[in-house]
Amino acid sequence: MRKTNGEIAAVIRERICLNGQEVNLLLHEGQLATEFGVSRTPIRQVLQMLAYENLVETRSGVGTIATPLIAEHRKSDVRAFRALLMAAAQCPIPDNEVPGRVIDRLRDSIRLLERAEGADSQMIQALSAQLEAMMLLVSDHIVATALRSAYWRHVRWCLHPGFGALAEARIEFEALLQDALRLAEAGAVQPLLNRMTDVVVGAEAGWGPF
């Protein structure tokens with residue numbers, strides 16, 4: 001069965017998170033179209049989607065590559081991520097009750113995390129589900145878009161061989177998800193968003209919120 005653009009984006013996003021530290025990781029439209037059994041048009045749409053998340057960029061004479069992580073920018077990347085989390089916490093949706101889709105995505109994230117022992121790909125899928133739950137709680141589109149980009153950059157730093165921290169974060173991430181699900185089921189948006197935007201891992205090293 002042909003994958004949707006969202007499913008293709010998830011595969012490429014995971015690939016970038018796991019291998020994006022490679023210098024000039026190329027993403028060839030033709031090869032991707034063949035791999036996923038689609039034309040180049042949906043591949044271009046997917047790459048545009050990933051460009052909005054700052055996961056890919058196009059370089060003249062080179063093509064589309066995974067946006068490189070720059071070691072000298074790591075601390076400023078973390079500061080930006082923290083600032084966007086705080087901004088998101090100030091922009092809750094106006095709903096009085098937590099949308100059912102948020103609860104569904106949190107449950108998905110917990111299930112994926114339970115299967116993620118020793119598997120970074122499953123961990124990334126769990127993080128993706130958590131991110132989608134958080135995005136459903138943020139009312140400001142600009143803040144949400146910027147946070148999505150910073151979130152995936154942070155995941156990539158956590159997986160970077162020079163700064164790897166994702167395995168250490170598993171316990172804290174599990175605690176966050178369990179707290180978030182409990183708050184979501186209680187139904188109050190602001191306390192849930194406050195918890196979802198917590199930075200709970202490695203204050204000195206700058207890792208969080210998972």
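Helix 120-135 and the long axis of the chain differ in direction by around 60°, with both axes built from C-alpha atoms.
Once you treat every alpha carbon in the stretch 71-196 as an equal point and sum by Debye, what is log10 I(q)/I(0) at q = 0.15, 0.18, 0.20 Å⁻¹? Relative scattering, expressed as log10 I(q)/I(0), comes to -0.68, -0.98, -1.18. Toward the positive end of the charge dipole of the chain, with +1 on the Cβ of Lys and Arg and -1 on the Cβ of Asp and Glu, the farthest Cα among 181, 56, 102 is that of 56. Peptides 64-71, 27-34 ranked from most to least packed, by the mean per-residue count of other Cβ atoms within 10 Å: 64-71, 27-34.
Note on the stretch 5-66: Kirkwood radius taken over Cα pairs, Stokes-Einstein applied at 37 °C and 0.692 mPa s, translational D equal to 285 µm² s⁻¹. For the chain, the longest principal axis of the C-alpha atoms and the axis of helix 141-159 are separated by about 70°. Note on the chain: Rg/Rh from Cα positions, Kirkwood definition for Rh, rounded to two decimals, is 0.96. In terms of its C-alpha gyration tensor, the stretch 58-99 comes out oblate, because a/c is 1.5 or above while a/b does not outweigh b/c.
Extension gain, residue 107 to residue 121, is 3.3 nm, computed as 0.36 nm per intervening residue step minus the present C-alpha separation.
The numbers here are math on the coordinates, done by the rules we state, and not lab data. Note that this is a predicted model, so its numbers are computed, not measured. Glycine gets a Cβ as well: all are built from the backbone with ideal geometry, and neighbour counts include every protein chain shown.
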